[in-house]
Amino acid sequence: MLADFNFRVIFEYLPLFLTGLRATFLISIVSIALALCTGIIACACRISPARVLKYPAIAYIEIIRSTPLLVQIYFLYFGLPTLGVRIPEIQTGILALMLNSGAYIAEIIRAGINSVDEGQLEAGISSGLNYVQRMRFIILPQALGVTIPPLLGQAIVLVKDSALLSLISVAELTRSGQLMTSERFMPTEAFFTVAFFYMCIYFVLKALAEWSQKKLIFREAY
Amino acid sequence: MENMIEFKNVHKWYGKLHVLNDINLEISRGEVLVICGPSGSGKSTLIRCINRLEEIQKGEIVVNNTPVHDKTVNLTRLREDIGFVFQQFHLYPHMTVLQNITLAPVNVKKMSRKKAEAIAMEKLEQVGLTDKSGAYPGQLSGGQQQRVAIARGLAMSPEIMLFDEPTSALDPEMIGEVLDVMVNLVSEGMTMCVVTHEMGFAKKVADRVVFMDEGKIVETGKPDEFFDNPKTERAESFISMILTH
Ligand SMILES: Nc1ncnc2c1ncn2[C@@H]1O[C@H](COP(=O)(O)OP(=O)(O)OP(=O)(O)O)[C@@H](O)[C@H]1O
Ligand SMILES: [Mg+2]
């Protein structure tokens, strides 16, 4: 079995895989950064008492969470052109990943905020701090500690989800495996290599998660 | 005497539960009022209405000539004048003692950091904790945390201090150190509302005791009179209950 495994072909295709890896890496970084902004804004709207902000945010979060990512990708891929919006596949893909992860990130941040004891808020209110000051000095610093690990978990999910962009022919890592398969009929070698590179990204992010958890968890009270 | 806090026919409901039932109460400047009563009688709710941590549905509360539940009231301004000490301290766990105390003076009163820190050290001296200014709340005992919480309230130079069972979460050996700090405050002429069952404290410094039951003020009196000769049966059974504990 292993004797049949053709490492020579893998090396031959290595430049293609590295291009794919680079694309996956860049798509992920950009999508995560945008998703974080989307998530923060969506969360701020979701917890706002103003209905015009709150209900659209709930609708957005629920629609994303109740439908498969692949459907969302196809929806944008086929839907945007009919609205007259013509952008390259890679941008459609990043948009889909941003909207998808943004909804999950909004909920992660909200859970972090809710995890802060109500009494902390009341102490802030009693001393005259306004909403923004309470968020900035009391709630968010304490929420951060519990939010960072699931945020990095979401980042890992996003990297793996970006594989779906191969279906709208974005030239990322999984797409490299598909190309090699169609040219050489060696799917085992192709997707072994693809999997290997995803694992590399995963372990880097995981190490980052563990490091940040040690650094950022705040001292417990009481 | 001038009224500092005034409750006029105040009612509050949680759904069907009538938590505050026609409260009328006047607290004058410099007065020390102790509020006691069985669990669930509405003591916390009553003092939380004073700085508008709670809304009311009927009646009016006036603090320092400001109608607290008026739509146009400047809440920040109102709360600057009222320090609140919680049963569970609620210090900010991610900040040092000094940061806990200076947060509001710097951000609400817009004081310079230097001045705020000088005041904080002054207040820490008052509660006997100057050596803990760099510590985090998690490194302090319960009694020390509660004294820091009092210093945090005092740093805003309030005219009124509200205490909601400040010693109930403490081990018995730490109750004394917190009560001592509060007794010292009384001698400075602070207007104080204290929810507590510490009879010793009430007898020593309170001007009046208010006894609540089922959302109503059932009895009001001088501490000695109230604890030694309660007029109502409910107060009598309550006092005998806290005595046997
Ligand atoms: N947010 C709330 N929603 C509904 N009911 C509440 C709420 N807060 C308090 N209550 C109810 O209101 C009543 C009065 O509560 P409150 O906390 O004022 O009592 P208390 O006299 O301070 O009691 P304790 O001695 O246990 O602190 C209780 O029956 C309580 O269950
Ligand atoms: Mg209470």
Candidates A:L36, A:L53 - the one that is surrounded by fewer than 17 Cβ atoms within 10 Å (Cβ to Cβ) and of a type in the set (A, V, I, L, M, F, W, C)
A:L53
Of all residues in the stretch B:182-229, how many are more than 16 Å from ligand 2 (Cβ to nearest atom), of a type in the set (G, A, S) and touching a residue at least 24 places away in the same chain (Cβ under 8 Å)?
3
Result of the Cβ filter at 6 Å on the stretch A:65-81, keeping first residues that are under 16 Å from A:A163 (Cβ atoms) and partners that are among the β-branched types (V, I, T), at least 6 apart or interchain, is A:Y77/A:T92; A:Y77/A:I168
For the stretch B:53-62, indicate whether the set of residues that are away from chain A (no Cβ under 14 Å), in contact with a Gly (Cβ under 9 Å, 6 or more places away or on another chain) and either within 16 Å of ligand 2 (Cβ to nearest atom) or in a strand (DSSP E or B) (or both) is non-empty.
no
Spans of helices (runs of 4 or more DSSP H) in the stretch A:55-166 with at least 3 residues out of contact with any His (no Cβ under 8 Å at 6 or more places or on another chain), among the polar types (S, T, N, Q) and over 30 Å from B:P158 (Cα atoms):
A:89-115
With respect to B:R147, is the statement that it is of a type in the set (K, R), crowded, with 17+ Cβ neighbours inside 10 Å and more than 13 Å from chain A (Cβ to nearest Cβ) true?
yes
Pairs, first touching a residue at least 40 places away in the same chain (Cβ under 8 Å) and within 17 Å of B:M182 (Cα to Cα) in the stretch B:67-88, second more than 16 Å from ligand 1 (Cβ to nearest atom) and in a loop (DSSP other than H, G, I, E, B), C-beta under 6 Å, six or more apart
B:I82/B:P158; B:G83/B:P158
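For the stretch B:6-44, how many residues are part of a loop (DSSP other than H, G, I, E, B) and either in contact (Cβ under 8 Å) with a residue 24 or more places away in the chain or near ligand 1 (Cβ under 8 Å from one of its atoms) (or both)?
Residues meeting the conditions: 10.
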Within the stretch B:26-49, count every residue that is within 20 Å of B:G189 (Cβ to Cβ) and away from ligand 2 (no atom under 11 Å from the Cβ).
9
Evaluate the stretch B:185-195: report whether one residue or more is polar (S, T, N, Q), within 12 Å of another protein chain (Cβ to nearest Cβ) and either closer than 24 Å to B:K43 by Cβ or surrounded by fewer than 21 Cβ atoms within 10 Å (Cβ to Cβ) (or both).
no
Take B:V205 and tell me if it is within 30 Å of B:D22 (Cβ to Cβ), aliphatic (A, V, I, L, M) and away from ligand 1 (no atom under 16 Å from the Cβ).
yes
Would you pick out the residues in the stretch B:68-88 that are more than 8 Å from chain A (Cβ to nearest Cβ) and assigned to a loop (DSSP other than H, G, I, E, B)?
B:V68, B:H69, B:D70, B:K71, B:T72, B:V73, B:N74, B:D81, B:Q87
Exactly one of A:R22, A:R65, A:R46 is of a type in the set (D, E, K, R) and within 23 Å of A:F203 (Cβ to Cβ), and that residue is A:R22
Single residue of the stretch B:89-122 satisfying the filter (of a type in the set (S, T, Y) and surrounded by 21 or more Cβ atoms within 10 Å (Cβ to Cβ)) that is farthest from the other protein chains (Cβ to nearest Cβ):
B:T102
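Every read-out reported here was derived from the displayed coordinates using simple, explicitly stated rules and does not represent laboratory data. Keep in mind that what you see is a predicted model, and the values were worked out from it rather than measured. When we count neighbours, we look across all protein chains shown, and the Cβ atoms used for this are built from the backbone with ideal geometry, even at glycine.
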